[in-house]
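The values are calculated or read from the model by the stated rules, or taken from the named source; none is laboratory data. Since we're looking at a predicted model, the values are computed, not measured. Neighbour counts are summed over all protein chains in view; Cβ atoms, including those assigned to glycine, are modelled from backbone coordinates with ideal geometry.
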Amino acid sequence: MLILAKAVLSMMIGFILSVILGLILIPLLKKIKAGQKVSIFLAKTHKDKDGVPTMGGLIFIISTLITVAFLLFTDKIQFSNHLFIVLFVFVAYAILGFIDDYLIIKRKNNVGLTEWQKLLGQILIAVIFFFLYVKGGNEPRLYIYTLNIKIHMGVFYAIFILFLLVACSNAVNITDGLDGLAGGLSLISFVAFGMISWGTTWLAGYEDIAIFCFILVGGLLGFLVYNDHPAKIFMGDTGSLALGATLAAIAILTSHEVTLIVVAGVFIIETISCIIQMIAGRYFGKKVFLMAPLHHHMEKIGWCERDIVKLFWVIGLILSMAAIAFGVWI
């Protein structure tokens with residue numbers, strides 16, 4: 001019962017702070033004209049989104065950090081090496097995304113960091129994460145719980161970790177194309193990993209990581225108050241890169257990397273649709289989708305934005321429930 005109370009309290013504080021921050025940040029971002037330019041290739045329904053403020057990820061990032069600091073100060077949670085690693089990844093990728101968003105706003109177009117600059121930043125943070133991970137005494141192994149299989153990967157685990165962090169951060173970034181889509185799917189994913197973290201009793205600081213997840217869930221719920229259709233603010237790379245990388249980091253720390261594939265299933269499908277489109281266009285001169293990622297293709301064939309988001313949320317929820325069942329219960 002105490003666990004449930006902690007989870008609810010964490011979400012409540014994160015939610016309230018997020019809503020308050022939204023009321024402050026949105027007018028501020030509008031004042032400094034931090035609006036995002038909408039691509040001419042998107043559906044006509046996106047034209048009214050031109051100029052909507054970006055960098056909205058600051059809403060749930062700041063609310064989460066303030067809540068974590070408050071709970072640490074009041075001794076409701078304990079600071080641990082693993083919690084530090086999660087916070088490092090969360091903040092570092094947020095800063096990288098913020099730089100990208102800032103350059104887009106400053107240049108008044110959709111050109112921020114180059115793909116190589118962003119990739120280099122993601123890899124650098126992932127390398128530091130691996131150093132902290134190994135220094136904390138963690139073993140370079142892949143554990144498949146449902147089959148009770150442990151695979152010791154040695155040096156290849158470093159490459160695996162780099163891939164997970166970079167791929168997951170980019171996957172959430174790619175999915176962030178419709179009002180509430182990435183935010184809602186991330187909320188569902190962190191609920192799943194909050195429960196999974198609480199079941200990882202062998203991990204030092206497992207309760208604190210779980211509470212972090214639920215604080216972030218509350219922050220995301222507050223963010224969706226403003227990001228749900230019609231969106232008053234977009235999360236931008238500031239939010240999407242931080243969410244994806246942190247999700248991967250928690251999966252690695254709790255040894256649920258395979259479970260992440262299920263939880264992040266929608267993000268993966270969205271990313272695969274982009275890869276298929278790129279390969280088909282570059283090597284075969286054809287388009288598989290009217291527009292990639294998949295959510296834009298569905299818009300092009302006549303689906304309503306709200307219906308696409310609801311469908312993807314439901315799929316994400318089903319996948320997360322399956323992951324919780326196999327990752328915690330069964």
(request) Return a yes/no flag: does the range 174-184 have any residue that is of a type in the set (S, T, N, Q), under 24 Å from Phe234 (Cα atoms) and part of a helix (DSSP H, G or I). (result) yes
(message) Take the residues in the range 109-124 that are assigned to a helix (DSSP H, G or I) and loosely packed, with under 12 Cβ neighbours inside 10 Å; name whichever of them is modelled with the lowest pLDDT.
(response) Glu115
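State whether the residues of the range 235-245 include one that is touching a Ser or Thr at 6+ places or on another chain (Cβ under 7 Å), surrounded by fewer than 24 Cβ atoms within 10 Å (Cβ to Cβ) and in a helix (DSSP H, G or I).
Taking every residue of the range 235-245 in turn, none turns out to be touching a Ser or Thr at 6+ places or on another chain (Cβ under 7 Å), surrounded by fewer than 24 Cβ atoms within 10 Å (Cβ to Cβ) and in a helix (DSSP H, G or I).
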(message) Let me spell it out: the conditions are (1) in a helix (DSSP H, G or I); (2) in contact with a Phe, Trp or Tyr (Cβ under 6 Å, 6 or more places away or on another chain); (3) free of Cβ contacts under 8 Å to residues at least 24 places away in the same chain, and Gly194 meets all of them except one. Which number is the exception?
(response) (3)
(request) Search the range 82-94 for residues that are touching a residue at least 60 places away in the same chain (Cβ under 8 Å) and within 19 Å of Thr54 (Cα to Cα) and pair each with any residue that is assigned to a helix (DSSP H, G or I) and not hydrophobic (A, V, I, L, M, F, W, C) when their beta-carbon atoms are under 7 Å apart and the residues are at least 6 apart or on different chains. (result) Phe90/Thr246; Tyr93/Ser169; Ala94/Gly57; Ala94/Thr238
(message) Conditions first: (1) crowded, with 19+ Cβ neighbours inside 10 Å; (2) of a type in the set (A, V, I, L, M, F, W, C); (3) out of contact with any Asp or Glu (no Cβ under 7 Å at 6 or more places or on another chain). Ile275 passes all but one, so which condition is the exception?
(response) (1)
(message) Condition check: surrounded by 12 or more Cβ atoms within 10 Å (Cβ to Cβ), modelled with pLDDT of 75 or more, within 19 Å of Gly194 (Cα to Cα) and within 17 Å of the chain's Cα centre (by Cα). Does Phe60 satisfy that?
(response) yes
(message) I'd like to know if the range 71-86 contains one or more residues that are at pLDDT 95 or above, out of contact with any helix residue (DSSP H, G or I) (no Cβ under 6 Å at 6 or more places or on another chain) and not β-branched (Val, Ile, Thr).
(response) yes
(request) Scan the range 315-325 and give yes if some residue there is surrounded by 18 or more Cβ atoms within 10 Å (Cβ to Cβ), over 19 Å from Ser197 (Cα atoms) and not β-branched (Val, Ile, Thr), otherwise no. (result) no
(message) Condition first: in contact (Cβ under 8 Å) with a residue 40 or more places away in the chain, closer than 20 Å to Ile196 by Cα and part of a loop (DSSP other than H, G, I, E, B). Now tell me which residues in the range 125-161 satisfy that.
(response) Asn138
(request) For the range 246-277, name all the residues that are part of a loop (DSSP other than H, G, I, E, B) and at pLDDT 95 or above. (result) Ala264
(message) Restricting to the range 288-322, and then to whatever is hydrophobic (A, V, I, L, M, F, W, C), at pLDDT below 95 and touching a His at 6+ places or on another chain (Cβ under 8 Å), can you tell me which residue is nearest to Leu181 (Cα to Cα)?
(response) Met291
